[in-house]
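The values are calculated or read from the model by the stated rules, or taken from the named source; none is laboratory data. What you see is a predicted model, and the numbers here were worked out from it, not measured in a lab. Here the Cβ is made from the backbone with ideal geometry for all residues, glycine too, and neighbour counts use every protein chain on show.
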């Protein structure tokens, strides 16, 4: 079975500062890796994903994450945060061998609440 | 807006009762997954349906059951409700390329 650990439950940061949200996973087989964001009173939205290829993946709103197989990590970073980035962020994995339906069988971490202060 | 709608948005039940939650998938999506998100926790995978058949189940007891209909809408049924079943229940549909979540049903068991 696979598991996901998000090392920080809450991360407060000032606007325009850099931020890193940490995620480690455990799995005996290869996995797909995801970051989801949940804004207040909204559903989960996919932020970015790693399936294969380049280990650095980027989102359209300036976030990036790097897959590190040796350290089994998939940390999320942004060089300069905005107030609008305040949300809860979830790291998740799924088994890569299960094909397309594996996208729906996710194991989530417990979440990191990012609060951006003015 | 993901195109995945869940109903109702909020629900209050008492212990021992049964509940049915509904999910309308985005058009063309043949896979639906259900998750339970307890307060302060990440979502936990309950089960997935693919073309009306169960296609994987998480660590949930048999009193959690589901259905997927020919139009790919779905139901989650929970029998003999327990206090610990209080949570946000999320439905997610996919076309095997992207996953889209609904906003969830908040279930409170008293």
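Any residue at all in region A:66-89 that is at pLDDT below 90, in contact with a helix residue (DSSP H, G or I) (Cβ under 8 Å, 6 or more places away or on another chain) and surrounded by 16 or more Cβ atoms within 10 Å (Cβ to Cβ)?
no
Considering A:61, A:41, which residue is farther than 22 Å from residue B:89 by Cβ and part of a loop (DSSP other than H, G, I, E, B)? Give the steps one after another, and end with the answer.
Details: A:41 fails: farther than 22 Å from residue B:89 by Cβ.
Result of the check over A:61, A:41: A:61.
I need the full set of residues from region B:11-29 which are more than 12 Å from chain A (Cβ to nearest Cβ), under 14 Å from residue B:75 (Cα atoms) and in contact with a strand residue (DSSP E or B) (Cβ under 6 Å, 6 or more places away or on another chain), in order please.
Matches in region B:11-29: B:19, B:20, B:21, B:22, B:24.
Taking residue B:92, is it over 13 Å from residue B:7 (Cβ atoms) and surrounded by fewer than 24 Cβ atoms within 10 Å (Cβ to Cβ)?
Working: over 13 Å from residue B:7 (Cβ atoms): yes; surrounded by fewer than 24 Cβ atoms within 10 Å (Cβ to Cβ): no.
Considered against the rule, which asks whether it is over 13 Å from residue B:7 (Cβ atoms) and surrounded by fewer than 24 Cβ atoms within 10 Å (Cβ to Cβ), residue B:92 comes out as no.
Report the residue count in region B:40-88 for those that are under 17 Å from residue B:13 (Cα atoms) and not in a strand (DSSP E or B).
Number of matching residues: 9.
Name the pairs: first residue in region B:61-75 and closer than 18 Å to residue B:94 by Cβ, second residue part of a loop (DSSP other than H, G, I, E, B), Cβ to Cβ under 7 Å, at least 6 apart or on different chains?
Taking only residues 6 or more apart or on different chains, the pairs are B:68/B:52; B:70/B:52; B:72/B:25; B:72/B:29; B:72/B:30; B:73/B:25; B:74/B:25.
Could you please give the count of residues in region B:92-110 that are part of a strand (DSSP E or B), out of contact with any helix residue (DSSP H, G or I) (no Cβ under 7 Å at 6 or more places or on another chain) and more than 9 Å from chain A (Cβ to nearest Cβ)?
Residues flagged as part of a strand (DSSP E or B), out of contact with any helix residue (DSSP H, G or I) (no Cβ under 7 Å at 6 or more places or on another chain) and more than 9 Å from chain A (Cβ to nearest Cβ) within region B:92-110 amount to 3.
Looking at residue B:50 and the list (1) over 24 Å from residue A:109 (Cα atoms); (2) modelled with pLDDT of 95 or more; (3) touching a helix residue (DSSP H, G or I) at 6+ places or on another chain (Cβ under 9 Å), which single condition is not satisfied?
Only one criterion in (1) over 24 Å from residue A:109 (Cα atoms); (2) modelled with pLDDT of 95 or more; (3) touching a helix residue (DSSP H, G or I) at 6+ places or on another chain (Cβ under 9 Å) is unmet by residue B:50, namely (2).
So, in region B:30-45, how many residues would count as being in contact with a strand residue (DSSP E or B) (Cβ under 8 Å, 6 or more places away or on another chain) and surrounded by fewer than 21 Cβ atoms within 10 Å (Cβ to Cβ)? Step through it out loud before you land on a result.
Taking region B:30-45 as the starting set, the residues that turn out to be in contact with a strand residue (DSSP E or B) (Cβ under 8 Å, 6 or more places away or on another chain) are B:30-39, B:42-45.
This time we only want the ones that are surrounded by fewer than 21 Cβ atoms within 10 Å (Cβ to Cβ), so: B:30, B:37-39, B:44.
Selection size over region B:30-45: 5.
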